[in-house]
Amino acid sequence: LRRQRQMCIRDRLKEELQSLRKENSLLRRQASEGGEAKASYDAVHKEKTVLQRQLAVLEADIIALKKERNIVKQEIRSTHRTYRDAFTDISMRLSAHVTGLRAQHVTVQG
């Protein structure tokens, strides 16, 4: 009877040991996966930081380009005004010259 109890206790201890080994194995796997997850999170966080810096640089470039575009637009408007004024002046002189020539022609024929 005593031997039977010892066998029974031994079997229970073996089962408990096996259960503890399984639990230990599971905990190790979870810890390993947790470590991998942390490494993955760290890599993603690092990439996010790099992308945020690149975005800030691009936004600054966009602002600079918009300012440059506005300057170019102002220069175009100014140049357009200059050419328009010059064209108007030439047109008026040419018109006056043609009128003068007509007057001379009428005087010569008359």
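Using just the helices of the chain, give the 222 nm mean residue ellipticity in deg cm²/dmol: DSSP H runs with n ≥ 4 each add -39,500 (n - 2.57), and the total is spread over all residues, rounded to 500. Don't skip to the end; give the middle numbers.
Working: 1 runs with 108 residues, N = 110.
-38000 deg cm²/dmol, from helical runs alone.
Determine ³J(HN,Hα), in whole Hz, for all residues of the stretch 19-34 in sequence, where each value follows from phi through the Karplus function 6.51 cos²θ - 1.76 cosθ + 1.60 and θ = phi - 60°; x replaces Gly and Pro.
With the stated coefficients, the stretch 19-34 comes to 4, 5, 5, 4, 4, 4, 4, 4, 5, 4, 4, 4, 5, 5, 5, x Hz.
Net charge around residue 76, counting only other residues with Cβ within less than 14 Å of its Cβ (Lys, Arg = +1; Asp, Glu = -1)?
Residues near residue 76 contribute +3 overall.
Read phi for every residue in the stretch 74-91 and hand back ³J(HN,Hα) as whole Hz from Karplus 6.51 cos²θ - 1.76 cosθ + 1.60, θ = phi - 60°, with x for Gly and Pro.
4, 5, 5, 4, 5, 4, 4, 4, 4, 5, 4, 4, 5, 4, 4, 4, 4, 4
Accessible area per residue of the chain at 1.4 Å probe, in Å²? Write out the running numbers ahead of the final one.
Details: 10690 Å² over 110 residues.
Accessible surface, normalised per residue, equals 97 Å².
Quantify, in whole percent, the carbon and sulfur part of the accessible surface of the chain (1.4 Å probe; protein heavy atoms only).
The computed percentage sits at 59.
Find, among the trypsin sites (Lys or Arg not before Pro) in the stretch 17-110, those assigned to loop by DSSP (not H, G, I, E, B) with at most 15 other beta-carbon atoms within 10 angstrom.
Here no loop site has a sparse enough neighbourhood.
Which lysines does residue 38 reach when only Cα atoms under 21 Å apart count, and residues fewer than 8 places away in its own chain are ignored?
46, 48
The values are calculated or read from the model by the stated rules, or taken from the named source; none is laboratory data. Not measured: the values here are computed from a predicted model. Note that we place each Cβ from the backbone using ideal geometry, even for glycine, and neighbour counts take in every protein chain shown. Please note that ligands, DNA and RNA were not included when accessible areas were found on the heavy atoms of the full protein model with its side chains. Shrake-Rupley method; radii C 1.70, N 1.55, O 1.52, S 1.80 Å.
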